[in-house]
Each structure stands twice: as structure tokens, then as C-alpha cells.
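Chemist: Dropping a structure here in C-alpha cells format, bear with me for questions.
The values are calculated or read from the model by the stated rules, or taken from the named source; none is laboratory data. In this text, all values refer to a predicted model and were calculated from it rather than measured experimentally. Here the Cβ positions follow ideal geometry from the backbone for every residue, glycine too, while neighbour counts run over all protein chains shown. Only protein heavy atoms, including side chains, enter the accessible area calculation; ligands, DNA and RNA are left aside. Shrake-Rupley method; radii C 1.70, N 1.55, O 1.52, S 1.80 Å.
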Amino acid sequence: MCGFVGLLRNKSCGNQELKSQINKMANTLEHRGPDDAGAWVEESSGVALGFRRLSIIELSSAGHQPMASNSGRFIIAFNGEIYNHLELRLELSAANATQPWQGYSDTETVLAGFETWGVEVTLTKTVGMFAIAIWDTSKRKLYLARDRFGEKPLYYGWVGSGSQKAFLFGSELKAFRAYNGFDNSICREALAQYMRYMVVPAPRSIYKNIFKLEPGCLLTIQGSVTGCAPSQPLRPPVSYRNIQVKRWWALSDTVETATKQHITSEVEELEKLEHCLKEAVRLQSQADVPRGAFLSGGVDSSTTVALMQQQASHAIKTFTIGFEDATFDESRFARKVAQHLGTDHTELLVTSAEAQKVIPLLPNIYDEPFADSSQIPTYLVAKVARQQVAVALSGDAGDELFGGYNRYFWGPRIWAKLAWLPYSIRQILGLAIKAIPIAGWDTLSRPINTLLNSGDGIIRIGEKAHTLANRLHCVRNVDDLYLSLLSKWQDPARVVRGESSVNVFEPSSILDDELPADLLINFENCALRMMYRDSMMYLPDDILCKVDRAAMAVSLETRVPFLDHRVAELAWRLPLNMKIRDGEGKWALRQVLYKYVPRQLIERPKAGFSVPIGDWLRGPLRLWAENLLDLNRLNAEGYFHSAPIRKKWAEHVSGKRNHTDSLWTVLMFQAWLETQ
């Protein structure tokens with residue numbers, strides 16, 4: 001796991017200036033690569049690559065980057081791991097018996113693949129996670145490639161003006177900000193999307209003219225970069241001047257193929273799933289440095305750890321954190337699983353004060369506004385793990401592939417109860433519910449609650465009634481319902497201000513792309529549509545981003561066995577009733593896990609990796625939040641309409657309503673803005 005940055009400039013400048021600039025930018029990524037640094041420049045083309053290395057495979061100087069291919073034609077900066085690179089070496093050696101090898105790094109293997117098979121064919125042969133920048137010195141052509149699911153980040157865009165104008169690309173935005181000509185302003189469309197999703201989804205970034213390369217995509221630039229930045233992000237397939245963006249791998253194709261394959265035996269499919277998962281864990285357990293795994297005690301991480309331990313010759317290292325607040329502490333579940341599997345388990349109990357100390361670090365760690373509050377425990381568990389290992393496997397992506405999120409269950413149920421009503425009637429019903437104030441609904445609920453057993457009362461009935469009313473008013477179909485369930489601010493245009501010449505609107509995103517045909521056919525596919533859309537946006541832009549930035553902040557490499565694309569292909573072949581059965585998600589995955597861990601150690605209601613942000617905002621974080629949400633400050637900065645934010649803040653502090661998610665979204669932007 002490493003970090004890289006690069007630039008392409010039209011206006012010629014000296015070799016020393018290029019090298020000085022690229023080194024300055026690369027040094028901002030030292031946390032991603034503390035073990036080695038390198039730079040490469042080609043003055044005649046105005047191109048430069050900078051690199052920071054975290055040594056995981058081939059610890060010697062034979063893994064130094066940027067690296068040149070044997071012929072010198074290709075220069076690469078590579079962040080990630082190719083887990084099957086030794087198998088690819090055998091194939092390459094068979095094709096070229098005289099193929100010289102300087103070491104055994106996967107970077108060298110990939111370069112040999114480019115020379116033998118070409119860039120795109122080599123990408124399709126890989127099993128791994130990566131972001132890659134390649135300069136073809138012969139054709140003066142730049143390639144930028146990102147892995148299938150977006151495990152590794154890759155930004156690109158236009159910065160500066162005049163003699164400082166350049167096309168930049170790299171692993172994190174902080175490297176862009178280190179460029180001498182950086183002056184990009186905040187993108188209002190990206191801000192509007194952030195307020196809805198609590199992340200800035202690809203292909204936008206928080207800055208104008210800087211974008212994220214989407215997962216599974218390949219961007220090429222022939223020659224120099226001319227003209228201005230495009231007015232909108234480059235969505236594949238597209239050509240813009242001398243730039244092309246295409247998908248070298250598409251999840252939609254995988255889904256189209258997989259859903260047409262009918263299984264004949266559940267037993268056989270479960271055996272295939274177990275074998276495929278074992279192979280993914282085996283490949284991703286290989287490293288020249290100490291390795292371990294995160295363990296929460298849930299289905300996904302327990303499956304990963306069980307298969308990792310089953311194939312190990314010693315007790316693997318596992319890590320979890322717990323919280324002093326028992327409501328948010330699940331460390332006891334992880335402890336029991338670790339004891340059963342016999343892992344070398346490390347558990348750290350964290351106080352609220354210790355967790356809150358992470359908050360000032362978040363703007364620098366994430367580089368752009370990011371408001372999934374589980375970023376805090378994720379950083380803490382990564383920090384604990386890094387004290388003993390350099391690589392940690394995680395159980396991420398199990399929910400998206402095997403049907404684990406609660407919205408996959410009650411989303412279709414809600415829609416089943418609403419769909420029979422015409423939209424106009426639903427709107428009227430929603431207005432009627434909202435006509436009664438929240439306090440009024442709470443008053444009405446008290447006589448009912450007194451008749452129920454203790455603990456069975458309806459809590460915050462007014463808040464829940466108004467949430468339902470909002471959905472009745474805006475939801476026209478099941479896809480609108482999904483968007484509503486995902487949204488922290490249901491109408492971002494009402495809270496984000498447009499610039500004098502720009503109207504804030506709901507910009508297009510990956511969620512607007514056409515669904516694979518089979519997912520549109522019948523109602524049963526409602527949950528599958530949600531799983532597909534989560535895999536396209538929520539997984540890469542929230543889950544994978546959260547883990548990558550938190551882990552790399554402490555120089556820890558994380559790996560995700562569930563995202564071996566062969567596991568994903570098999571998961572999509574399974575019918576819905578092998579994912580969700582009898583009201584329980586991840587049925588197929590559970591059948592594999594229960595061969596290694598007793599059911600009673602796993603079965604419990606699903607809980608997120610969360611912290612009590614809402615309570616902290618009413619208590620120890622109140623002054624910090626009040627300062628960031630100050631009325632005069634919001635108005636002076638000019639990014640938000642202050643009224644809806646101040647209203648939610650007053651309701652939250654008073655305890656009348658719980659606005660944790662929407663307020664944390666604003667606070668994380670404000671905290672980030674302070675660092676600019």
C-alpha cells in the first residue's frame with residue numbers, strides 16, 4: 001500500500017523545477033508510504049511521477065518506485081496489491097522464456113504484463129486492488145487505472161493557470177493542494193451531493209475541476225493536456241479532446257451474466273462459496289510483513305478470521321476496540337469468537353474522551369468532507385493494529401454482496417405497504433401527518449405507552465411520524481424510497497447556497513445510471529437493486545474510502561477478501577433467497593461461517609460500528625459544534641442557508657429530535673473548511 005502523485009504540464013520547465021515540485025507533492029503522502037520515496041521526470045514531455053512506499057511485498061530496493069519496465073518504455077507508479085502476480089509471472093515466463101526478473105514485486109510483474117499483453121488485457125488478468133499511473137515514453141501516452149470496486153483512491157484534474165497550469169493525478173487531495181499553482185474553489189454541486197450522502201460520491205471531488213476516477217475505469221491522455229477542464233465530470237464511455245475514459249470492468253456486466261445462471265443445488269453453491277472465500281483469504285494473507293485481521297464478532301469479519309485462522313500454522317493476530325458506553329460496545333462478541341478460533345486477540349477499551357480526540361484529525365485524514373461517524377472507531381482500531389502488524393484483512397463488502405443491511409429487509413416492506421396508494425393520495429396523507437406537530441404526536445402516544453409493558457413503548461413517535469410523512473410526500477417509486485433511505489438531508493438544494501451564477505441542483509451521479517436489465521423485471525428484485533446501487537456508490541465512496549484513509553493515516557495496509565472479483569461474481573449468481581431468508585440476511589455466508597463458529601456466538605441484531613455522536617453534541621462537543629454552527633459564521637461563509645441548520649441544531653440540543661446524521665454532515669464540512 002502506497003501513495004503516488006503525478007503531473008503533466010504543457011508549458012516546458014526545467015528538470016529541477018519538475019523534480020522539486022513532484023517531491024513536494026509526494027511528501028504530503030508520507031503516511032501512505034513511510035518506507036521509501038522516489039521521483040521520475042521527463043522534461044521534454046513535462047511529465048513527473050512521485051511516490052511514497054509502504055513496503056509489503058519485496059522489501060528490497062527491487063520494489064522501488066516509480067519503476068521502469070525492462071525496455072524502458074513504461075514508467076509506473078502503483079498503489080495496491082496484485083494477489084495473483086506470481087501466477088501471472090509463470091504465464092509471462094511461458095510466453096517469454098528470456099523474461100528477466102530483478103526481484104519478485106507485483107509492480108515488476110504488472111510492468112512485464114503491459115509490455116507483453118498491453119495495458120487493458122493485463123488489467124483484466126489481475127486479482128487485486130490498485131490505482132495505477134503509467135507513462136508510455138514511446139507513445140507519450142498517460143494511463144490512469146483503478147481497480148474493479150474502487151478499493152484504492154485515484155483523483156485527477158486541472159489546477160493552476162498560465163505557466164502553472166497542469167493536469168494532476170494522485171492518491172489524495174492533499175498532494176494536489178501542495179502544487180504551487182493550486183487555487184481550485186469548492187464545487188457547489190459536490191457539496192449538495194455531500195449533504196445528501198455524507199460523502200462526496202464519484203466522479204466529483206469537493207473541488208471544482210478535480211474528479212475521482214470511477215471504479216473499474218481506465219483514463220488515457222494522448223500527448224499533452226490542452227484547453228480548459230470539462231464543465232462536467234467525465235463519465236465513461238467518453239472522449240474529451242485528447243482524453244478518453246472507458247470501463248475496463250463493469251459490475252453491470254457481471255450482474256447481467258450472473259443472474260442468468262440458474263443454480264441447481266444449494267449445497268453445491270455453498271461449497272463453491274466456501275472454496276472461493278478460502279482462496280481469496282489465502283491470497284490476501286500473503287505478505288513479507290506481519291499481518292492480522294479486524295474482528296468485530298459479526299458475520300463478515302468472523303468469516304474472514306475463521307478462514308484465515310483455518311489456513312494458518314499459528315495463531316493469527318486479531319484486533320477490536322470496545323467503548324466504555326455498553327450501548328455501543330460489542331467487544332465482548334469479538335472476544336468470544338477469538339477465544340473459540342484461538343486467535344492472538346488484542347482488545348482496546350476506549351473512553352469517550354479518547355474517541356473525541358480523533359475528531360480534530362478527521363479533516364486531514366479524509367482530505368474532503370466525510371461524515372460517516374464510524375470513521376472514528378475505524379481509525380482507532382487501525383491504530384491499535386498498526387502497533388503489531390502492517391497488513392490487516394477486513395470483512396467489508398459482505399453486506400452489499402450477501403444482503404446484510406437493514407434497508408434490504410424493511411425497504412421492500414415499506415414500499416409494499418405504500419405502493420397501492422396513488423402518489424397524489426400519499427402526498428395528502430403525508431401533509432395530514434405533518435399537520436400535527438411532533439410534540440402533538442408525542443402527547444398522543446403517552447396514553448398508549450402507559451398501557452404497554454415497560455420497554456415496549458413507542459419512543460419518539462412524533463419524529464418517526466414526520467419522517468414517514470416526508471417519505472410519503474417525496475417517494476414516487478421504490479428507487480425514490482432507496483434514495484430517501486440513503487439521504488441525510490432529503491432536499492440538499494434547500495440548505496446549500498448556489499453561487500451568484502450557479503443554481504444548486506441535484507447533479508447526476510452513478511445512481512442515475514441504468515440498472516442491469518434483470519434487476520428491473522419484478523418486485524422481488526427491489527432488494528437486489530439496492531444491493532447493486534450500494535456496490536456502485538456506497539461501498540467505494542463511503543465504506544472503502546473510510547477504511548483506506550483511516551488505515552493509511554497510520555501506515556496500515558487493509559485488504560478486503562470479499563472483493564476478490566470471483567467472490568463477487570459467485571455472490572451475484574446466488575438467488576435472493578440464498579441471501580435473505582426467513583427475515584435474516586447473509587444466509588449463504590452464515591452457512592459457511594457456522595462450520596467454524598457456533599451459531600450462538602454470532603446471532604444477534606445487526607449493529608453498526610458506531611459511537612454516541614448525538615449525545616456528545618449535547619454534552620462535551622456542544623461548544624465546539626456551536627462555534628462551527630454559529631449563525632453569523634454560516635452566513636459569512638456563504639455555503640449554507642443557515643435557517644434549516646439552526647432549526648435542527650436547536651431541536652437536537654433540546655432533546656426534542658435526533659438530528660445526529662444531518663448535523664454531523666454539516667459539522668464535518670465546517671471542520672474541513674477551517675483547514676483550507
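Chemist: Among (1) of a type in the set (A, V, I, L, M); (2) under 30 Å from I57 (Cα atoms); (3) open to solvent by less than 20 Å² (accessible area, probe 1.4 Å); (4) assigned to a loop (DSSP other than H, G, I, E, B), there is one condition L539 misses while meeting the rest; what is its number?
Modeler: For L539, the failing item is (4).
Chemist: Counting only residues that are assigned to a loop (DSSP other than H, G, I, E, B) and basic (K, R), which one in region 103-161 is most open to solvent (accessible area, probe 1.4 Å)?
Modeler: K139
Chemist: Return yes or no: is H659 out of contact with any Leu (no Cβ under 7 Å at 6 or more places or on another chain) and not aromatic (F, W, Y)?
Modeler: In short, yes.
Chemist: Let me ask something additional. Only one residue in K19, K24 is of a type outside the set (D, E) and modelled with pLDDT under 95, so which one is that? Walk me through how you get there before you give the answer.
Modeler: Working: K24 fails: modelled with pLDDT under 95.
So the residue among K19, K24 that is of a type outside the set (D, E) and modelled with pLDDT under 95 is K19.
Chemist: Take region 89-102 and flag every residue that is outside any loop (DSSP other than H, G, I, E, B) and either polar (S, T, N, Q) or open to solvent by 10 Å² or more (accessible area, probe 1.4 Å) (or both). Quick ask: steps written out before the conclusion?
Modeler: Within region 89-102, the first condition is being outside any loop (DSSP other than H, G, I, E, B), and the residues that meet it are 89-95.
Within region 89-102, R89, L90, E91, S93, A94, A95 meet the criteria.
Chemist: What number of residues within region 316-343 are open to solvent by less than 50 Å² (accessible area, probe 1.4 Å), farther than 15 Å from V597 by Cβ and of a type in the set (A, V, I, L, M, F, W, C)?
Modeler: 3
Chemist: Conditions: (1) open to solvent by less than 10 Å² (accessible area, probe 1.4 Å); (2) under 21 Å from the mean Cα position of the chain (by Cα). I243 meets all but one. Number of the miss?
Modeler: Only one criterion is unmet by I243, namely (2).
Chemist: Turning to a different aspect of this structure: Looking at (1) open to solvent by 50 Å² or more (accessible area, probe 1.4 Å); (2) on the phi > 0 side of the Ramachandran plot, can you tell me which one K586 breaks?
Modeler: (1)
Chemist: Here's something else I'd like to know. Quick check on region 609-628. Is at least one of its residues within 30 Å of N525 (Cα to Cα) and touching a helix residue (DSSP H, G or I) at 6+ places or on another chain (Cβ under 9 Å)?
Modeler: yes
Chemist: For region 123-131, indicate whether the set of residues that are within 21 Å of R73 (Cα to Cα) and in contact with a Pro (Cβ under 9 Å, 6 or more places away or on another chain) is non-empty.
Modeler: yes
Chemist: Then there is this: Taking only region 625-646 into account, find how many residues are within 16 Å of M195 (Cα to Cα), open to solvent by 30 Å² or more (accessible area, probe 1.4 Å) and either more than 29 Å from the chain's Cα centre (by Cα) or not hydroxyl-bearing (S, T, Y) (or both).
Modeler: 4
Chemist: Right, next: Among the listed residues H652, H659, identify the single one that is of a type outside the set (V, I, T), at pLDDT below 95 and surrounded by 15 or more Cβ atoms within 10 Å (Cβ to Cβ).
Modeler: Details: H652 fails: at pLDDT below 95.
Of the residues listed, the single one that is of a type outside the set (V, I, T), at pLDDT below 95 and surrounded by 15 or more Cβ atoms within 10 Å (Cβ to Cβ) is H659.
Chemist: Would you pick out the residues in region 195-232 that are among the polar types (S, T, N, Q) and more than 11 Å from Y155 (Cα to Cα)? Give the derivation first.
Modeler: Just the residues of region 195-232 that are among the polar types (S, T, N, Q), to begin with: 205, 209, 220, 222, 224, 226, 231-232.
Of everything in region 195-232, those that are among the polar types (S, T, N, Q) and more than 11 Å from Y155 (Cα to Cα) turn out to be T220, Q222, S224, T226, S231, Q232.
Rundown of residues vs (1) touching a helix residue (DSSP H, G or I) at 6+ places or on another chain (Cβ under 9 Å); (2) more than 13 Å from D399 (Cβ to Cβ); (3) surrounded by fewer than 23 Cβ atoms within 10 Å (Cβ to Cβ), yes/no style:
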{"site": "N525", "(1), (2), (3)": "yes, yes, yes"}
{"site": "M530", "(1), (2), (3)": "yes, no, no"}
{"site": "A550", "(1), (2), (3)": "yes, yes, no"}
{"site": "D564", "(1), (2), (3)": "yes, yes, no"}
{"site": "A571", "(1), (2), (3)": "yes, no, no"}
{"site": "D582", "(1), (2), (3)": "no, yes, yes"}
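Chemist: Can you name the residue in region 216-232 that is open to solvent by less than 20 Å² (accessible area, probe 1.4 Å) and under 20 Å from I510 (Cβ atoms) and, of all such residues, is modelled with the lowest pLDDT?
Modeler: For region 216-232, the residue satisfying everything is P230.
Chemist: Take E266 and tell me if it is open to solvent by 40 Å² or more (accessible area, probe 1.4 Å), acidic (D, E) and modelled with pLDDT of 95 or more.
Modeler: Criteria met by E266.
Chemist: Using the structure shown, decide if A77 is open to solvent by 10 Å² or more (accessible area, probe 1.4 Å), hydrophobic (A, V, I, L, M, F, W, C) and in a strand (DSSP E or B).
Modeler: no
Chemist: Considering only strands (runs of 3 or more DSSP E) fully contained in region 1-69, which possess at least 1 residues that are surrounded by 22 or more Cβ atoms within 10 Å (Cβ to Cβ) and in contact with a Ser or Thr (Cβ under 7 Å, 6 or more places away or on another chain)?
Modeler: In region 1-69, the matching strands (runs of 3 or more DSSP E) lie at 2-8.
Chemist: While we're on this one: Can you tell me which residue is nearest to R476 (Cα to Cα) among those in region 417-431 that are in contact (Cβ under 8 Å) with a residue 40 or more places away in the chain and open to solvent by 60 Å² or more (accessible area, probe 1.4 Å)? So that I can check it myself, show each step before the final result.
Modeler: Of all residues in region 417-431, those in contact (Cβ under 8 Å) with a residue 40 or more places away in the chain come to 418-419, 423, 426-427, 429-431.
Cutting the leftovers down to open to solvent by 60 Å² or more (accessible area, probe 1.4 Å) gives us 429, 431.
Values: L429: 14, L431: 15 Å.
Applying the filter and picking the extreme gives L429.
Chemist: Please determine whether any residue of region 381-401 is in contact (Cβ under 8 Å) with a residue 12 or more places away in the chain, farther than 29 Å from A190 by Cα and of a type in the set (D, E, K, R).
Modeler: Checking region 381-401: at least one residue is in contact (Cβ under 8 Å) with a residue 12 or more places away in the chain, farther than 29 Å from A190 by Cα and of a type in the set (D, E, K, R).
Chemist: Hey, another quick one. Going through region 362-373 one residue at a time, which ones are open to solvent by less than 10 Å² (accessible area, probe 1.4 Å) and either free of Cβ contacts under 8 Å to residues at least 24 places away in the same chain or out of contact with any Cys (no Cβ under 8 Å at 6 or more places or on another chain) (or both)?
Modeler: Of everything in region 362-373, those that are open to solvent by less than 10 Å² (accessible area, probe 1.4 Å) and either free of Cβ contacts under 8 Å to residues at least 24 places away in the same chain or out of contact with any Cys (no Cβ under 8 Å at 6 or more places or on another chain) (or both) turn out to be L362, D367, P369, A371.
Chemist: Continuing with this model, one more query. Name the residues in region 322-348 that are assigned to a strand (DSSP E or B) and either small (G, A, S) or at pLDDT 95 or above (or both), would you?
Modeler: Those that are assigned to a strand (DSSP E or B) and either small (G, A, S) or at pLDDT 95 or above (or both): G322, D344, H345, T346, E347.
Chemist: What number goes with the only condition from (1) touching a residue at least 12 places away in the same chain (Cβ under 8 Å); (2) within 27 Å of the chain's Cα centre (by Cα) that P598 does not pass?
Modeler: Just one mismatch for P598, condition (2).
Chemist: I'm trying to understand the selection: among the residues of region 598-624, which are touching a Lys or Arg at 6+ places or on another chain (Cβ under 9 Å) and open to solvent by less than 80 Å² (accessible area, probe 1.4 Å)?
Modeler: Matches in region 598-624: L601, I602, W616.
Chemist: Further question: Scan region 162-180 for residues that are under 29 Å from I543 (Cα atoms) and open to solvent by less than 10 Å² (accessible area, probe 1.4 Å) and report the count.
Modeler: So the answer is 10.
Chemist: Among the residues of region 107-137, what is the count of those that are within 25 Å of the chain's Cα centre (by Cα) and not β-branched (V, I, T)?
Modeler: So the answer is 8.
Chemist: If I filter region 503-523 down to residues being open to solvent by less than 40 Å² (accessible area, probe 1.4 Å), within 22 Å of P201 (Cα to Cα) and not polar (S, T, N, Q), which single residue comes out as modelled with the lowest pLDDT?
Modeler: Of everything passing the filter in region 503-523, V504 is modelled with the lowest pLDDT.
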